[in-house]
1. Would you mind computing, in nm to one decimal, how far apart the modelled labels at GLU127 and CYS33 are, each placed 7 Å from Cα along Cα→Cβ?
2. Mind putting a number on the dipole of the stretch 19-138 about its Cα centre? Charges go on the C-beta only, +1 for Lys and Arg and -1 for Asp and Glu, and I need it in Debye to the nearest 20.
3. Please work out the FRET efficiency for the pair GLU45 and GLU4, using the Cβ-Cβ distance as r and a Förster radius of 30 Å; give the result to the nearest 0.05.
4. Send over the Kirkwood Rh of the chain, from the inverse of the averaged 1/r over different Cα pairs, rounded to one decimal Å.
5. Where both partners of a DSSP beta bridge lie in the chain, what percent of those bridges are antiparallel, to the nearest 5?
6. So for each of 112-125, 49-62 I average, over its residues, the number of other beta carbons within 10 Å; can you give me the resulting order with the highest mean first?
7. Over the chain, calculate the relative contact order: mean separation of alpha carbon pairs under 8 Å at least 6 apart, over the residue count, as a percent.
8. Going toward the positive end of the dipole of the chain, with +1 on Lys and Arg Cβ and -1 on Asp and Glu Cβ, which of PHE54, PRO97, LEU72 do you reach last?
Amino acid sequence: MYSEKVMDHFQHPRNVGEIENASGVGTVGNAKCGDIMRMFLDIDENGIIQDVKFKTFGCGAAVATSSMATELVKGKSIQEALQVTNKAVMEALDGLPPVKVHCSLLAEEAIHAALWDYAQKNGIEIEGLSKPKSDISEGEEEEDY
Ligand code: FES
């Protein structure tokens, strides 16, 4: 039921971990299942995402979609990263079973939450970005889960 790419990213997820002193950190929760995703972005002075890492308490589909999402945003500009929707991630993975589509939202929203954090820290506005509803980062930045 899962594509080979999904299985590959689930079994060998890319960019798992965290970034110390990240430019932006976003933590989001999936209201449907209660799973959690945290994304770390390292953004240089030109607005290019130099590095990205993620940690999750999520299902296999959440791991695979986040892994693919990190690959898609690495080396990209902020605006390009905003184009990495859950749909784009699913297409890159050759699809997900319908019951697992909601899992792919975690990755997209975690990227948005991390970009939101970056914008807040730097006092800037990122065109087309609003605070994700699933953002649960407030007041728990340093906390490990
Ligand atoms: Fe929770 Fe997939 S079941 S993210």
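No lab work stands behind these numbers, since they all come straight from the coordinates. Nothing here was measured: the structure is a model prediction, and the numbers come from that model. Methodologically, a virtual Cβ is constructed for each residue, glycine included, from the backbone with ideal geometry; neighbour enumeration extends over all protein chains shown.
1. 3.6 nm
2. Approximately 420 debye in magnitude.
3. E between GLU45 and GLU4, to the nearest 0.05, is 0.20.
4. Kirkwood radius, the chain: 14.8 Å.
5. Given both bridge residues lie in the chain, the antiparallel proportion sits at roughly 95 percent.
6. Going by the mean number of other Cβ atoms within 10 Å, highest first, we get 49-62, 112-125.
7. 30 percent
8. The listed residue farthest towards the positive side: PRO97.
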